[in-house]
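First the structure, in the form of structure tokens, and then the observations on it.
The values are calculated or read from the model by the stated rules, or taken from the named source; none is laboratory data. Everything numeric here is computed off the predicted structure, so don't read it as measured data. We work out accessible area using only protein heavy atoms, side chains counted, and drop any ligands, DNA or RNA first. Shrake-Rupley method; radii C 1.70, N 1.55, O 1.52, S 1.80 Å.
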Amino acid sequence: MAECPIPAPELSVTIDGGRTWESLPLPPPENRPTLFDSDLCEGHSPQLLSPTEGALAVRCSTGLRLNFIYLTRDGGKTWESHLYPGGTLSLLGPRTTLALSQKIYKTVDGGQTWEWIKTVQWDGQFSFVSEQVGWAVARSGEAIALVATTDGANTWQLLKPTIAP
């Protein structure tokens, strides 16, 4: 899944299929009320579960690199934010999310705590269809491969696709 930069601290939303858009401001994290006073933050990895439930990541570089997951359950009227380990988000359920990079983490409590799952030796473009099943286009130097997991990113198997005549 490619990261799509979104200017923080606001998100553009539509409720009419893209005909009109509205800016929806994100509140700064409760414990860092002045974090968005500079433009050193950007949003990425927007995910939707339903018209009212979604998440996005906010990455800030303020000398330290800080990563926050933002979750909404009411269409963006209110947001819950927590620090997270970084990477692309894959929202798998209302409280379950993967943070995907070479280090893979999982939360089952809406981002309050994160469990390390695995470290891989490649960069990947990930796609999950459930908590257990996912794929990645894995890159290591010039090498590119398609890999799959059926156990929630704990193990990855190399796939050797063939093109049918």
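Brief remarks follow.
- Here the average projected area of the convex hull drawn through the C-alpha atoms of the stretch 68-139 stands at 4.7 nm².
- Taking all protein chains into account, the per residue accessible area for the chain stands at 58 Å² (1.4 Å probe).
- Along each principal axis, taking the top coordinate minus the bottom one, the Cα set of the stretch 9-165 gives 51, 39, 30 Å in descending order.
- Shown in residue order for the stretch 90-101 are the 3J(HN,Hα) couplings computed by the Karplus curve 6.51 cos²θ - 1.76 cosθ + 1.60 at θ = phi - 60°: 10, 7, 9, x, x, 10, 10, 9, 9, 10, 10, 7 Hz (x for Gly and Pro).
- Orientation-averaged projected area, Cα convex hull of the stretch 47-107 (nm²): 4.1 nm²
- Computed over the stretch 51-165: relative contact order in percent, which uses C-alpha pairs under 8 Å that are six or more apart: 13 percent
- Backbone HN-Hα couplings from phi across the stretch 49-58 [Karplus 6.51/-1.76/1.60, Hz, Gly and Pro as x]: 9, 7, x, 10, 10, x, 8, 7, 9, 10
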